[in-house]
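Have a look at the structure below, then the notes.
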Amino acid sequence: MRYTKRLDEVGISDIGLVGGKNASLGEMIRALDSKGIRVPSGFAITAEGYRYFVEAAGLDRQIRSILSDLDTHDMRGLASRGARVRKAITDAALPPALEEEIVQAYTSMEEEYGAEVDVAVRSSATAEDLPDASFAGQQDTYLNVKGRQELLLKVRRCFASLFTNRAISYRQDKGFDHFDVYLSVGVQKMVRSDLACSGVMFSIDTESGFRDAVYITGAYGLGENVVQGTVNPDQFYVFKPTLHQGYRAIIERTLGTKVKKLVYRASGRGTRQAPVARHDRNRFILNDDEIIQLAKWACIIEDHYGKPMDIEWAKDGLTGGLFVLQARPETVHARQQEAVLTTYVLEQQGKLLVTGESVGMKIGQGKVHVIAHSSEIDTFREGEVLVTDMTDPDWEPIMKIAGAIVTNQGGRTCHAAIVSRELGVPCVIGTGTGTRALARTDAVTIDCSEGRGKVYEGILRYRVDEVALKNVPRPRTRIMINVGIPDEAFIKGQIPNDGVGLAREEFIINSYIGIHPMALIEYDRLKERATGDPRIARVVRAIDKRTEAYEDKRQFYVDNLAMGIAKIGAGFFPNDVIVRFSDFKTNEYANLVGGYLYEPVESNPMIGWRGASRYYDERFKPAFGMECDAIKLVRNDMGLVNVKVMVPFCRTPREGRKVIEVMREFGLVQGENGLEVYMMCEVPSNVTLADEFADVFDGFSIGSNDLTQLMLGIDRDSETLSKISDERDESVMRVVKKTIDFAHSHKPPRKVGICGQAPSDFPEFAEYLVQCGIDSMSLNSDVVLRTRIRVADLEMLGLADS
């Protein structure tokens, strides 16, 4: 066979013959089948077949003539010339020898699978998926193709798709000659994911470049909806280091809307869109065993190729089996210099207009340009912010000149995300209402720097910081980071650091849960009371809306709290991550859904029922039990034993012992599997009785904010007294030193750190802590590097307490 090859006859060295996509499929069939990777069989029409077709039909001279003097920024000219080229190719007849080989290869598939076997017909360009130029999505794919005549037509259309407007533009701007790129066509047995689900996964986090996570997305039906961004898919993260140790390390599950799916047409050929039933939208497409299997496959494929990979997968609805449809190198982070850390910092606040998934970590801005259809793209001007429902490859000529991009639909593996990531254009996807919310806005600033994509009104000031990481010293004093938002963990974990000194549960509960824990525990009782009480009925409806994927409302709380903690734990693994148990005040708890039913009204909640005093109180103890369950899930099931815990606002040693006992009652045992329990030092009694507290806890973390307000008798929320409240007051400085001295003189010595705001705000306070011999400082991420350098200098000069 000169013009066709079975997929199991080719490998990765055959890119010049069958293109990157087909070469990779053959490579996996030949090398990874023994490791459990399943790839549908099929055949490839070689690049030699494409060349033979072009030469036999006299198309090369015709195409060069049409594309001479092409300006890719002239949208109308590009569209007109592209259409002429494609028509010439589609109208040309296949040479008899080529047609005969294609029919013969398809007949062999019919002998295996039955007459008119359904196949996918995919383009595979010989220059695609190179480390510095991804051609992903540039050529066409046809699904559910049946019969020989239909196959031959789709092959010609694939050949023609080498000259789609976006492919012509992409190649020309990347510096490829149009005839240096040839096309192979893959013909592959369809996986019946129209009856199940499919999607895309990466063996690396697509936004931060964090290499220790597998990122999986998917939706119901055939995979084109996920790739093109026409649905908001489910998303999953799996942590690779503990997955390799045998843990079920699913550290995040995010439910997508998945409102439609691509399925087979009733006629038996081609595809159509179909609605997804509400019940199916409100459940995850994959179970945990399937998520783990896909993640393991991603790791196997990555190990085989020796680089991060972008992988398409599908589940067969007839057999229930999972398959890999293609794998190509990830092209964005592979090109980045790891020796330099670049961070974008927004310096002004503005009106928040809309939020969504962030793509990249940059900030962009410009004049808003809402476009409803690709026919309008010629009106777009360089530097504007493109706002649309979703993009497909036809939009690429304007995407590369956009100041930023905002879409209503799509997940982080959709077309808009892939292209904007490669182009380095900040993009916010899946906003739901972006086109409507920004329709009357003149200019916006797009912020993707903090994990969640945010669109602000107006042009806001920002800065770009670059640090050569090899020049950052590592002092003896541990320099840690305060983290509250889990979505920031993979980014902030790449800043040189010694772990997380304070991870606040309150941020996770507010953002991921939003419901009072007791309202979830007593959900059934509330449901009974809702019949006669409109206020409680509203609470029940709000709970139902947020927890639709969970019958067990208690498990909703545990899972979401655990996933938020786990993402932080994974981002900083194996360094310590100290998670502070919930420290909401009563008025803050009351603001959660259903909170007013369980919280007393206090005149001064700042020094009221908070912290440790809640955990053993029967009114809150079951809720604290869920926090313990979340920590157990993170440590025992996900393997993140670097996660430690901290008890806030513990007023007496007796209270500390009661908390330790309640933790044990819920199965969270101090010392078991290396579990350390720290205490926030923020009440004056914590200092005066430090030796007794040291008998209970493994270490201290000074909370300078609360300690200052209680030492000076100042409500830290009081604007009137704000000028008096200062952590650098002599009284505060003295008790900080006493705490460090007490901790270090204890037998055995206890570690002591600080996680309050003071060392972040005041460099001189940080210097004082070093002189006192503090073991660690946990700071806001934006001051970590300069503090690390300053502390190293102090230690070198001998100013630190040894």
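Things worth noting here:
- Among the residues of segment 489-511, just one is touching a Gly at 6+ places or on another chain (Cβ under 6 Å) and surrounded by fewer than 19 Cβ atoms within 10 Å (Cβ to Cβ), namely PHE507.
- Put simply, of LEU423, LEU469 the only residue that is over 15 Å from THR355 (Cβ atoms), open to solvent by 20 Å² or more (accessible area, probe 1.4 Å), in contact with a Leu (Cβ under 6 Å, 6 or more places away or on another chain) and not β-branched (Val, Ile, Thr) is LEU469.
Residue-by-condition table, conditions (1) assigned to a helix (DSSP H, G or I); (2) of a type in the set (Gly, Ala, Ser); (3) without any contact (Cβ under 8 Å) to a residue 40 or more places away in the chain:
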| residue | (1), (2), (3) |
| --- | --- |
| ILE15 | yes, no, no |
| GLY20 | yes, yes, no |
| ARG30 | yes, no, yes |
| PHE53 | yes, no, no |
| ARG61 | yes, no, yes |
| THR72 | no, no, no |
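- Candidates GLY49, GLY77: the one that is assigned to a helix (DSSP H, G or I), touching a helix residue (DSSP H, G or I) at 6+ places or on another chain (Cβ under 8 Å) and not β-branched (Val, Ile, Thr) is GLY49.
- Verdict on ARG635 being modelled with pLDDT of 95 or more and among the basic types (Lys, Arg): yes
- Long-range neighbours under 7 Å by Cβ, at least six apart or interchain, first residue more than 20 Å from ALA792 (Cβ to Cβ) within segment 469-498, second in a helix (DSSP H, G or I) and of a type in the set (Lys, Arg): VAL483/LYS492; PRO486/LYS567; ALA489/LYS567
- Restricting the search to helices (runs of 4 or more DSSP H) fully inside segment 533-590 and requiring at least 2 residues that are free of Cβ contacts under 8 Å to residues at least 12 places away in the same chain gives 534-546.
- Condition broken by MET679, with the remaining ones in (1) under 24 Å from ARG474 (Cα atoms); (2) free of Cβ contacts under 8 Å to residues at least 40 places away in the same chain; (3) in a strand (DSSP E or B) satisfied: (1)
- Taken together, ILE216, ILE251 contain a single residue that is within 15 Å of the chain's Cα centre (by Cα) and more than 15 Å from ILE285 (Cβ to Cβ), which is ILE251.
- The set of residues from segment 530-541 being open to solvent by less than 30 Å² (accessible area, probe 1.4 Å) and under 27 Å from ASP280 (Cβ atoms) comprises ALA530, ALA537, VAL539, VAL540.
- Among the residues making up segment 197-214, a single one is at pLDDT 95 or above, surrounded by fewer than 24 Cβ atoms within 10 Å (Cβ to Cβ) and either part of a strand (DSSP E or B) or among the small types (Gly, Ala, Ser) (or both): PHE202.
- When the test is whether a residue is touching a Leu at 6+ places or on another chain (Cβ under 7 Å), at pLDDT 95 or above and more than 25 Å from ILE291 (Cα to Cα), GLY186 passes it.
- Scanning segment 260-272 for residues that are open to solvent by less than 80 Å² (accessible area, probe 1.4 Å) and out of contact with any Phe, Trp or Tyr (no Cβ under 7 Å at 6 or more places or on another chain) returns LYS260, LEU262, VAL263, TYR264, GLY268, GLY270.
The values are calculated or read from the model by the stated rules, or taken from the named source; none is laboratory data. Everything numeric here is computed off the predicted structure, so don't read it as measured data. As a convention, Cβ positions derive from the backbone with ideal geometry for all residues, glycine included, and neighbour counts pool all protein chains shown. Side chains included, ligands, DNA and RNA excluded: accessible areas come from the protein's heavy atoms. Shrake-Rupley method; radii C 1.70, N 1.55, O 1.52, S 1.80 Å.
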